[in-house]
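Here's the structure we're looking at; comments come further down.
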Amino acid sequence: MTTWTPTRRARNGEVELAYDELTAPQGKAPLLLVTGLGVSRLWWPDGLARALAAQGFAVARYDQRDAGESTHLPPTATGNPITALFRKRGASYTAEDMTDDAIAVMDALGWESAHLLGQSLGGAVAQRIALRHPGRVRTLTSVSAVPGDAAGLGALRYIRLRTLGKLARMTYPDTPEGDIEAGIALARLLHSPAHPLDEQAVRDSVTSLADPGVRDGHSQSRQIGAPWHGPAISRITVPTLVLHGADDPLVKPAAGRAVAARIPGARFVSLPGVGHDLPEPVWNDVAMRVRRLADR
């Protein structure tokens, strides 16, 4: 059974960041998991965390601001994540603030530096952390993410609009049951086509999460609409691995290829049959690839 420490808190100004650490036997190389749009840290598969620990990593995860148990900011005018890509007005915070959140968590953990593994929006945030705080990042693994310096149409070009439309049309009641049904619907939409979805296992997992962030368009809008003022990703200097599901239904694999092409020395790896999630059959492979990157 995978166990995590009780929830701890880090602080970046007025924002509190909830985080925890894997308590299973693990190594000494610190590795921070950076979560995707709107969801809590609990969406990271425990099996993947165990696989990373088996490769010698000390694994920690945190809720980004506006997600999970971390601070949620006041509402802004935009409650649609797609609209938020184009509207500068009403942004609650910057993408730089989000990178500083990760550093606050690392400080609370006592980590001078760490390997980063970010998925989806978390991959873009991890790229920005490597740009803003290069001395704190050992390696960068970006999974199923757009370029961290892309904005507006530059980001939208990498998104599958049909899937985006389905996400925008999903509405569920503001209840724990609504959270569960929204989470199951999201898992169905983003799952890997080569790996059949175990509906009961998904329901059991999502029921234990009961994460309202899946349907919270306002929080998602604030996250995705946070503007980046930093340099281009071509300035990233840390060893970088870019993973992308070959059958990602949300973010086109061209996004991953673009990230790898623009970061000096980065390697791109396509994951056959994988969607916008990381299913169990690829956990060990992903962990071994992150290990090899660290060994560089």
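Points to keep in mind about this one:
- Of the helices (runs of 4 or more DSSP H) lying entirely inside the stretch 177-296, those containing at least 2 residues that are among the hydrophobic types (A, V, I, L, M, F, W, C) and at negative phi are 199-209, 253-262, 283-295.
- On inspection, Ala255 fails the criterion of being out of contact with any Asp or Glu (no Cβ under 7 Å at 6 or more places or on another chain) and farther than 24 Å from Leu189 by Cα.
- Search result, residues across the stretch 93-128 that are within 21 Å of Leu156 (Cα to Cα) and assigned to a loop (DSSP other than H, G, I, E, B): Tyr93, Thr94, Ser120
- If you filter the stretch 219-242 down to residues that are in contact with a Ser or Thr (Cβ under 7 Å, 6 or more places away or on another chain) and not β-branched (Val, Ile, Thr), you find that the one that is surrounded by the fewest Cβ atoms within 10 Å (Cβ to Cβ) is His229.
- When Gly118, Gly148 are checked against the criterion of being touching a strand residue (DSSP E or B) at 6+ places or on another chain (Cβ under 6 Å) and buried (at least 19 other Cβ atoms within 10 Å of the Cβ), Gly118 stands alone in meeting it.
- For Ile236, the criteria (1) more than 18 Å from Thr35 (Cα to Cα); (2) modelled with pLDDT under 95 hold in every case but one, which is (2).
- Hey, Gly256 of a type in the set (Gly, Ala, Ser), at pLDDT 95 or above and farther than 17 Å from Ala155 by Cβ or not: no
- All of Ala261, Ala232 fail the test of being in contact (Cβ under 8 Å) with a residue 24 or more places away in the chain and closer than 21 Å to Ala126 by Cα, apart from Ala232.
- Residue match in the stretch 1-22 (condition: outside any strand (DSSP E or B), at pLDDT 90 or above and closer than 20 Å to Arg136 by Cβ): yes
- Taking the listed residues Ala130, Ala155, the one that is within 21 Å of Gly275 (Cα to Cα), out of contact with any helix residue (DSSP H, G or I) (no Cβ under 8 Å at 6 or more places or on another chain) and touching a residue at least 12 places away in the same chain (Cβ under 8 Å) is Ala155, with no other qualifying.
- The stretch 1-31: number of residues that are in contact (Cβ under 8 Å) with a residue 60 or more places away in the chain and under 25 Å from Thr207 (Cα atoms): 6
- Residues that are surrounded by 16 or more Cβ atoms within 10 Å (Cβ to Cβ), among the small types (Gly, Ala, Ser) and over 24 Å from Pro75 (Cβ atoms), drawn from the stretch 195-218: Ser205
The values are calculated or read from the model by the stated rules, or taken from the named source; none is laboratory data. The model shown is predicted, which means the values in this text are computed figures rather than measured ones. So basically every Cβ, Gly included, is an ideal-geometry build from the backbone, and we count neighbours across all protein chains shown.
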